[in-house]
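The values are calculated or read from the model by the stated rules, or taken from the named source; none is laboratory data. Everything numeric here is computed off the predicted structure, so don't read it as measured data. Neighbour counts are summed over all protein chains in view; Cβ atoms, including those assigned to glycine, are modelled from backbone coordinates with ideal geometry.
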Amino acid sequence: MTTPPPGTVRRPPRLLRPPGVYAPQLDTRLLLGALSRERLTAGAELLDVGTGTGALALFAARRGARVTALDVSRRAVLATRLNARRSHLRVRVLRGDMASLTDSSWDVVVSNPPYVPSPSTAVPTRGKARAWDAGRDGRAVLDGVCDGAAGTLKSGGVLLLVHSGLCGTGATLRRLEEAGLRARVCERVVIPYGPVLWSRLRWLCDNGLASETGSSEELVVIRAERS
């Protein structure tokens, strides 16, 4: 497989998406681009956390990885199973989060978790907002992914994680490095605020998460490796 140059953004294939399941967007495409530049050996064990429609899981399975896709949403689990079947790809799909996995180790972990700061401290358990709301600092799910990956990556294993700069790029890098991983930003792009951020801009500004003069956010893909 030809490796695309840095900065290339792959568009995920058209997938079935039930109502309430996160639609692949730019953050998904950034993560696909980063994953496409990793050397996935045949049979590599890959975990996709927060799989949604399964776009990342299916891409990895096409490259020969042994893929486990994980999501807390029943609809996302169903969507990924259907999309894998339609694509004639073998993907193990489980409902839960990283804490629900036991005795597992991975060559690669990829994740596009909920990361949008929310006025509510509670993480939604249903509805569309479940796919993006992540507590007041946006890290309610993100920190669990960092800790879970740090504890289960094999030697030489890699975590690829996408999130908004609004929830703290530096905080993610520090958390991963303190867990013994070498972490860096490997992709970044600035995009205009979407409807969700515009709807809570006043709250974001009042809490020091956004500037009143700003109208855009930075998305980052962080790559962390266990030596």
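Here are a few things to note about the model shown:
- Only one of the numbered conditions (1) at pLDDT 95 or above; (2) of a type in the set (Asp, Glu); (3) part of a loop (DSSP other than H, G, I, E, B) is violated by Asp107, and that is (3).
- Residue ID - modelled with the lowest pLDDT, chosen from residues in the stretch 122-136 that are of a type in the set (Gly, Ala, Ser) and either at positive phi or surrounded by fewer than 12 Cβ atoms within 10 Å (Cβ to Cβ) (or both): Gly127
- Residue count for the stretch 133-174, restricted to those that are closer than 18 Å to Val196 by Cα and either without any contact (Cβ under 8 Å) to a residue 12 or more places away in the chain or assigned to a strand (DSSP E or B) (or both): 4.
- Taken together, the residues in the stretch 76-101 that are closer than 23 Å to Thr125 by Cα and at pLDDT below 95 amount to 6.
- Residue match in the stretch 15-26 (condition: exposed (fewer than 13 other Cβ atoms within 10 Å of the Cβ), at pLDDT below 95 and of a type in the set (Val, Ile, Thr)): no
- Scanning the stretch 69-121 for residues that are acidic (Asp, Glu) and surrounded by 15 or more Cβ atoms within 10 Å (Cβ to Cβ) turns up Asp71, Asp97, Asp107.
- Condition met for Ala179 (under 23 Å from Thr28 (Cβ atoms), small (Gly, Ala, Ser) and in contact (Cβ under 8 Å) with a residue 24 or more places away in the chain): no
- Among the criteria (1) modelled with pLDDT under 95; (2) of a type outside the set (Ser, Thr, Tyr); (3) over 23 Å from Gly144 (Cβ atoms), the one Ala61 does not fulfil is (1).
- For Cys205, the requirement of being in contact (Cβ under 8 Å) with a residue 40 or more places away in the chain, hydrophobic (A, V, I, L, M, F, W, C) and at negative phi is not met.
- Residue check for Pro12: closer than 21 Å to Trp132 by Cβ, within 19 Å of the chain's Cα centre (by Cα) and at pLDDT below 95: yes
- Subset tally (residues that are of a type outside the set (Lys, Arg), touching an Asp or Glu at 6+ places or on another chain (Cβ under 6 Å) and either farther than 23 Å from Ala99 by Cβ or assigned to a strand (DSSP E or B) (or both)) for the stretch 48-75: 1
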